[in-house]
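Each remark here refers to the structure printed beneath this line.
Readers should treat all values here as calculations from the given coordinates under stated rules, not as data from a laboratory. This is a predicted model, so every value here is computed, not measured. Positions of Cβ are backbone-derived with ideal geometry, glycine not excepted, and every protein chain shown enters the neighbour counts.
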Amino acid sequence: MLRYYEEGLPMASVPVLVTSRVRGLLTQIGELFIIALEGLRRTWDVRNWFWEFVEQCWFLARVTTMPVILIALPLGATVALQVGDLAGQLGAQSATGGAVVVGLVREVAPIAAALIIAGAGGSAMTSDMGARRIRDELSAMEVMAVNPIHRLVTPRMWAASLVSTMLASLVILSGAIGGFFFNVLLQDVTPGAYFDGALSLLRVSDLVVTLFKAWLFGFIAAMVACYKGMTCEQSPVGVGRAVNQATVVALLLVFGFNYVITTIYVIAYPPKI
């Protein structure tokens, strides 16, 4: 309130300003879900977007595979070192493998995949769609009776979902290898104890939920990236702002959905002790 008073705005206009901003936020949320639902509506027409889907899968895999490996290896090693030291003081050093792998499978893998997809792949999608907007390519497609959402958004959402799921599996594998290296070679834990601790705590449902979260997070990242690119200001500065906004909004949605899904899963399937 004090800020509005210092800027010379009458106090009566503050509720109007707040209402307009809330209305604008709700409008953007509605447009975001409209684009997502419209992209899903013609999913069955695969022949019109299959090759764009293949191209996007190759692009996303090419720009995200190495970064996610470089993140997962030291991450698994760091968790193994920290947990191994604590477990050694408690006389349960063989439980380090279980802590590392369970943490990777349940939480780290989908979040890491989402961060890479939103940061590397999503920013590229936003800039590509924004460049098409400022060059009026999207309007030209509509003039030619081609729905740009069906042709461009649908393959990108499915490609990001598929690649995100594959990246989550890669994070689990790379993190487990990094944890195995430090826990077995540096902390003198036997390989059998390392993997036995992991397998005794994991369930099939853990992996299913993790893959579902990775798929959903990739879908969200592509959905937000395409929306921000297609609605950005028609200028190079507008494209740059859209890239920043897409990354931030996608990560906020990812962390929010991750909390909800994890809470529901923990209540439905309490972890083993």
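Once you put a point 7 Å from the Cα of residue 51 and another 7 Å from the Cα of residue 27, both along the Cβ direction, what distance in nm separates them?
Output for this residue pair reads 3.9 nm.
May I ask you to evaluate 6.51 cos²θ - 1.76 cosθ + 1.60, the Karplus curve with θ = phi - 60°, for each residue of segment 143-158 and list the ³J(HN,Hα) values in order in whole Hz, giving x for glycine and proline?
4, 7, 6, 10, 6, x, 5, 5, 7, 10, 6, 4, x, 5, 5, 5
For segment 260-265, in order, what is each residue's ³J(HN,Hα) by Karplus, 6.51 cos²θ - 1.76 cosθ + 1.60 with θ = phi - 60°, in whole Hz (x at glycine and Pro)?
Values per residue, Gly and Pro as x: 5, 5, 5, 4, 4, 5 Hz.
Within 10 Å, count the other beta carbons around each residue, average over each peptide in 66-74, 111-119, 46-54, 234-242, and list them highest first.
Going by the mean number of other Cβ atoms within 10 Å, highest first, we get 111-119, 66-74, 234-242, 46-54.
Starting at 0 and stepping by 5 Å, how many percent of the alpha carbon pairs of segment 155-273 end up in each bin?
Result returned by the calculation: 2, 10, 14, 16, 16, 13, 11, 8, 5, 3, 2, 1.
Can you compute 3J(HN,Hα) from phi for each residue in segment 109-123, using the Karplus curve 6.51 cos²θ - 1.76 cosθ + 1.60 with θ = phi - 60°, rounded to whole Hz and x for Gly and Pro?
Using θ = phi - 60°, the values come out as 4, x, 5, 4, 4, 5, 4, 5, 5, 5, x, 8, x, x, 5 Hz.
How many percent of Cα pairs in segment 122-192 exceed 13 Å?
75
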